[in-house]
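A quick write-up on the structure given underneath.
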Ligand code: ADP
Ligand code: ASP
Ligand code: MG
């Protein structure tokens, strides 16, 4: 089971985690925990300040006081609380040392950044383990740096599954055999040389399925602050509906296109061993949530969800002297050179004319790489682009899907900049201006009839 930042956001929520764990006592459980909400952002900010010589004390003190306050409020036996407080103090002292050691010369080190942002999870597991122990559930904090071996792609590391499986299985099963529930840090791992890495923002979901893979879990439950994966972000559309079931591919598409509820790679380890993933609301345990499996349980070819991916750049390349194959080869080589994955790519002309949408942060590096492969007639980039993805297996067979989608968007005055359909017929992507994102999501959600009906009790 994995609990996200909000679900461990304060002492009362950590208490709720203990209640949920105790409801599942009939199972051997491994608990994966995120940092308390806001902590990772603070650590990112602290590192950003440290590397340019600005003060990080405010962020540090907020983290320190937040964790000590939660510990006090968790109650429990005084002596045990003192022992945990000493452990928190030791971890905080190490964090302080690392921040002090950051050179204030403006350089960016992803390696240093990872070692600093990992502290949120290293702190939160101590609180959760303490809380479980005070409530009579034997639990022990475990740092995933001991379990998950990763590549050295700091900031976005990938697990080396075989090595990870060997390490994790042994250590975790040993604890389980002793009747101890392991409380594992989400988000982090370490290289074969022992350097701390992170799996990318929101990576604790990924940790949960990596661990699930290693111990052949029956199911992975991701507890979060919404009732499941929903037809769109409920913060944008208040009458969004909870989706009962999704295939791994549908869920992966949704998270790839911006549905923050799951880290985009969460489905990879689960699909390797066919482990079901359930997304549930930690505030409403009885609600069924969303079940993600390899099969499409609801094969009614319906639109499952729509999701926005913001802050992208549309790069348009035209060269009338060349054919499309030459231009595509050049763009493909440039994308590979700089390891950039495009969210959308289109070409539909005899002449060399290609459009590609990538993260805005990758614009400069990609433009340089394209130009390094040869002079082009015209290359133009437009920032502040959003992609709206309409996702659901077999959606292209839905009669009138395109008509409904484009009528809804045009009716709200949204201008389309590029459109692409996916070869597996699972998603339709429409590039628009960032400023149009929310109106587009709302009108599509209504136009495609994804809204909650009166009798649906969410
Ligand atoms: P956690 O801290 O539990 O990992 P996150 O904040 O990472 O939680 O993810 C949950 C959030 O994802 C929700 O609060 C919601 O605003 C957002 N979200 C975006 N798209 C969706 C969607 N399609 N379904 C559910 N939640 C979504
Ligand atoms: N704490 C990490 C983050 O905020 C990982 C996670 O919450 O899943 O990105
Ligand atoms: Mg998350």
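Read-outs: derived from the displayed coordinates by stated rules, not from any lab. All values derive from a computational prediction rather than experimental measurement. For neighbour counting, all protein chains shown are included, and Cβ atoms are generated from backbone atoms with ideal geometry for every residue, glycine included.
Here are a few things to note about the model shown:
- Distance between the C-alpha centres of the range 353-411 and the range 147-193: 37 Å, rounded to the whole angstrom.
- In the chain, the DSSP-assigned H stretches of four residues or longer account for a calculated mean residue ellipticity at 222 nm of -12500 deg cm²/dmol, using -39500 (n - 2.57) per stretch and the full residue count as denominator.
- FRET E, pair residue 82, residue 25, Förster distance 25 Å, beta-carbon r, rounded to 0.05: 0.35
- Highest mean first, the peptides 100-111, 325-336 sorted by other C-beta atoms within 10 Å per residue fall in the order 325-336, 100-111.
- Virtual spin-label span in nm between residue 140 and residue 396, 7 Å along Cα→Cβ: 5.3 nm
- Label-point separation in nm, residue 310 to residue 61, each point 7 Å along Cα→Cβ: 3.2 nm
- Calculated FRET value between residue 336 and residue 110, using beta carbons and R₀ = 25 Å, to 0.05: 0.75
- Most to least packed among 118-124, 415-421, 34-40 [average Cβ atoms within 10 Å]: 118-124, 34-40, 415-421
- Net length available on complete extension from residue 424 to residue 274 is 52.0 nm, with 0.36 nm assigned per residue and the Cα-Cα distance removed.
- Once the Cα-Cα distance is subtracted from the 0.36 nm per residue extended length, the residue 151 to residue 166 segment shows a gain of 3.8 nm.
- Relative to the dominant Cα principal axis of the chain, helix 324-337 is inclined by about 20°.
- The listed peptides 318-324, 238-244, ordered by packing as a protection proxy, come out as 238-244, 318-324 (highest mean of other Cβ atoms within 10 Å first).
- Antiparallel %, DSSP beta bridges [both residues in the chain], to 5: 70 percent
- Cα-based shape type of the range 186-232, given that a ≥ b ≥ c are square roots of the gyration tensor eigenvalues and the cut on a/c is 1.5: oblate
- The modelled label-to-label distance for the pair residue 349/residue 260, using points 7 Å beyond Cα in the direction of Cβ, is 3.8 nm.
- The chain: angle of helix 204-214 to the longest principal axis, Cα-based, in degrees nearest 10: 70 degrees
- Segment residue 235-residue 359, extension gain: residue separation times 0.36 nm, minus the distance between their alpha carbons: 42.4 nm
- On Cα atoms only, tilt of 401-411 relative to the major axis of the chain in degrees: 90 degrees
- Of 267, 1, 360, the sequence from fewest to most neighbouring Cβ atoms within 10 angstrom is 360, 1, 267.
- Relative contact order of the chain, pairs being alpha-carbon contacts under 8 Å that are 6 or more residues apart, as %: 13 percent
- Cα gyration tensor shape for the range 23-83, rounded if a/c is under 1.5, else prolate or oblate: oblate
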